[in-house]
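Only one structure is covered here, and it is reproduced in the block below.
The values are calculated or read from the model by the stated rules, or taken from the named source; none is laboratory data. From a predicted model like this one, the values you see are computed outputs, not experimental measurements. All Cβ positions, even for glycine, are placed from backbone atoms using ideal geometry, and neighbour counts span all protein chains on display. For accessibility, only protein heavy atoms count, side chains too; no ligands or nucleic acids. Shrake-Rupley method; radii C 1.70, N 1.55, O 1.52, S 1.80 Å.
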Amino acid sequence: MIQVKDSLFTLHTAHTTYQFAADGNGFLLHTYYGPRAEGDFRRLLRFADRGFSPNPNALADGRVFSLDTLPQEYPASGVGDFRVPVIEARFADGSAAVDLRFERCEVRKGKYALEGLPAFRGDDAETLAVYLRDPCTGLSAELLYGVLEDSDLITRAVRITNGGSAPVTLTNAGSLCLDFARGDMDVITFDGRHTMERIPHRRAVAPGVQSVGSGRGITSHQHNNFVVLCDHDATETSGVAYGAALVYSGNFRAAVERSQFDHIRLVSGISPQGFSWTLAPGETFTAPEAAMACSNEGLGGMSRIFHAAIRSHLCRGEWAHKPRPVLLNTWEAFYFDFTADEVVEAAKAAADAGVELLVLDDGWFGNRCDDRRGLGDWFVNEEKLPGGLAPLAKRIGDLGLAFGLWIEPEMVSEDSELYRAHPDWALRIPGRPATMGRSQLVLDFSRPEVRDAVYAQLCKVLRSADIRYVKWDMNRSLTDVWSAALPAGREGEAAHRWMLGVYDLLERFTRDFPHILLEGCCGGGGRFDCGILYYSPQIWTSDNTDAADRLLIQYGTSFGYPVSAMGAHVSAVPNEQTHRTLPFETRGVVAMSGTFGYELDPRKLTPEERADMRSQIARFRELYDLLQNGEYDRLTDPRSGLAAWQQTAPDKSEALVNVVTGLTRSNDAFLTVYPRRLDAEAVYSVNGEWSDTGAALMYGGIPLPQEKGDFRAMQFHLVREGA
Ligand code: GLA
């Protein structure tokens, strides 16, 4: 619900309230974001004469009003606020001050959409548009707020228009600013590296600026664009926690600042590093969307808001809600070395165990016999696959399996027909040797002719056979970002224009192939974000398939993203990445809390393992809805030595408690796991073996059997009796 009264803007969701005000001089001041509360929070604004905090010219309240000390809604730079700004610009006269003042607002039914950019949707949502203008330069901003009331989600985006008569260059065009008139909060960021993504790091917000970001052209394995602020004592179940997700997949910055007066500011948006965007008079720039949620049920409550909103209001298309197939991916089974017969044999063994989709990963096209060549040539390598994909897809189909394919559209190898024909299509700086990554270059997708040529090839191959799934990969960071299509003074636009080009292709793909299940990928989880989830409902979480490491990766990922978004597979042992050998059961339990599949050669499994695979898939199917769509609780941090998490049906009629022990110790202490959010009064049966009340289970816990061996998995299926 959006209320506008006396220049006070109040956005209510079911359980939260967000409020800001325009003061008499048009300054937009943030007053409150938190658990739902009625009231005029302007009473929280405090004014004082502070040394070295400048005052706007000719204000009646003179020296007690400073942008430097007040919580703001959309802070700029150069006119008195010295904290991290969310918008910066350079004007034709060389000046760089921006002073945006309130002009008017509009409340609209439905949620705004952003041309060419991913964004949450909401049929029952409302939009508040607030128009600001700098009277000296004519620069204006349209602040957009989407209120998804039932989902407890508030989204923001900004359109910046040059209303002056000369060009202006934006040097920073952030999406979100969240000011808190308090300094006692923790920040949690999700950091890591290739094969070890999104590990949570929590610390108190310290004086000064702490930021995470990416300049790699992709969200990155190193830092995610989802961040959390919370009470120092917030736990999984208590305290106030705020999450902010950027609905974007390119360079970003999320910065947290604790100011001199112990206020906290969070800004998030496209990274200003290297960014610039020139607007001719009348032109508009649209900053990507950011989505915010707040919960006073701790970090768990906050995560559940994002999980539900992503599933219902971000993921689109047929596959957003349709049960996803259990797949077999050929990558770790074959790498580049396979024949059609071998793939069919593997598919046969997989079909026998209940697999529903065979995904042919890298290596099926051009001269792709290793990872040094072939990218850009999206036609079938007929030496490996005589007759193309159609006969293979047919043979796989005859086994009762759907057929899926791997592609990497943004890339080109120097050793490829595409590169030999169009060397100028790769991002590189004339006169400078190109920096390589996995021996490949990035195509300049800011140029429509480059995108069109790649897309034409892809369409041809995707239409050549019955293809039901595509894994869209992206395997290097962007360097030498320079586009032949841009004038010298506008090269700061290249990275974002490239991202817009990728989104354009993804949009075309989802429009033209709505029946294909798309899985995002970027060397595993290098582009795991709400931007990609708008196009593909699942993303390969990490190239690390070791179940012990996956416990931590999936734990971290779950803070912002639902199980239904996380690609997870059972792979062979010893594991390719860690050389660790974990029980088949453990690998299955971990992968089931993701979009489930296998990444191994099923022909090489022992008869016992094949039987385990069959019963694992049957169990996954039986528990599908609970696993994929259940409300998620992180019961422990796996770094504690015990990993436990729970999925619960919204009506609490059943729950699944998943446990994986850590390294075993001789003569170890007993372990107990405590389920959450059950119906306290009801009686639940546990694995059909014994029963107790919800209260007894939650507060007394479930004693774990003392199993010998490392990383032992257990699942407790709690079913409410009489349900
Ligand atoms: C990336 C992906 C892998 C696999 C390879 C193929 O690393 O994350 O799953 O598809 O590329 O080259």
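Remark on S271: its backbone amide H falls under 5 Å from those of F252, R253, a criterion applied only to residues 5 or more positions apart or on other chains, H modelled at 1.01 Å from N.
Let's test the formula: R0 of 45 Å, r as the Cβ-Cβ distance of F336 and E608. What FRET efficiency results, to the nearest 0.05?
The formula returns an efficiency of 0.90 here.
Net charge in the neighbourhood of P135 (other residues with Cβ under 15 Å of its Cβ; Lys, Arg +1, Asp, Glu -1) is 0. Each stretch of four or more DSSP H residues adds -39500 (n - 2.57); spread over every residue of the chain, this sum gives -5000 deg cm²/dmol at 222 nm. Summing charges over all other residues whose Cβ lies under 11 Å from the Cβ of G298, with Lys and Arg as +1 and Asp and Glu as -1, gives -2.
For the range 508-650, what does the accessible surface come to per residue with a 1.4 Å probe? Please give it in Å². Show your work: numbers first, answer last.
Numbers: 3900 Å² over 143 residues.
For the range 508-650, the per-residue accessible area is 27 Å².
Each part gets one Cα centre, and for the range 478-499 versus the range 241-257 those centres are 23 Å apart. Distance from the C-alpha centroid of the range 589-634 to that of the range 356-425: 28 Å, rounded to the whole angstrom.
Relative contact order of the chain: what whole-number percent is it, with Cα pairs under 8 angstrom and at least 6 residues apart? Mind dumping the intermediate values first?
Numbers: 1809 pairs, mean separation 72.9, N = 723.
With pairs under 8 Å counted, the relative contact order is 10 percent.
Counting only heavy atoms of the protein chains and using a 1.4 Å probe, K348 has close to 130 Å² of accessible surface.
The order of W406, W319 by accessible area, most exposed first and with a 1.4 Å probe, is W319, W406. What FRET efficiency, computed as 1/(1 + (r/R0)^6) with R0 = 25 Å and r the Cβ-Cβ distance, is obtained for H232 and L45, rounded to the nearest 0.05? Step by step, r from the Cβ atoms, then E = 0.55. Just so you know, the averaged projected area of the alpha carbon convex hull for the chain sits at 32.4 nm². Taking the charge dipole of the range 327-627 about its Cα centre, with +1 at Lys and Arg Cβ atoms and -1 at Asp and Glu Cβ atoms, the residue from G431, F620, I396 reaching farthest to the positive side is G431.
What number comes out for the charge environment of M698, summing +1 per Lys or Arg and -1 per Asp or Glu over other residues with Cβ under 9 Å away? All intermediate terms of the calculation are to be shown ahead of the outcome.
Numbers: positive: R676, R677; negative: none.
Neighbour charge sum, excluding M698 itself: +2.
Once both labels are positioned 7 Å from their Cα atoms along Cα-to-Cβ, the gap between A97 and Y131 label points is 2.5 nm.
Given their separation in residues at 0.36 nm each and the Cα-Cα distance between them, D371 and E707 gain 116.7 nm when the chain is fully extended. A crude spin-label estimate for the pair E491 and D124, with each label 7 Å from Cα along the Cβ direction, gives 5.1 nm.
Taking 0.36 nm per residue of separation and subtracting the Cα-Cα distance, full extension of the segment from V209 to R108 would add 32.8 nm.
I need the calculated FRET efficiency for the pair V64 and S464, taking r as the beta carbon distance and R₀ as 51 Å, to the nearest 0.05.
Values: r = 71 Å, r/R0 = 1.40.
The calculated FRET efficiency here is 0.10.
Partner aspartates and glutamates whose Cα lies under 16 Å from the Cα of K111, excluding those fewer than 8 positions away in the same chain, are identified as D123, D124, E126, E142, E149, D150, D152, E289.
Which residues does a label at A37 reach in the range 285-309, if reach means a backbone N under 20 Å from a point 7 Å past the Cα toward the Cβ? Of the residues in the range 285-309, 292-299, 301-302 have backbone N under 20 Å from the label point off A37. The solvent-accessible area of Y131, taken with every protein chain present and a 1.4 Å probe, is close to 40 Å².
Given the pairs K322/K384; K5/K109; K460/K604; K348/K471, which are separated by over 25 angstrom at their Cα positions?
Details: K322/K384 33 Å; K5/K109 18 Å; K460/K604 35 Å; K348/K471 21 Å.
Flagged as over cut-off: K322/K384; K460/K604.
For the pair E318 and Y699 in one chain, pulling the backbone fully straight at 0.36 nm per residue adds 133.1 nm over the alpha carbon distance.
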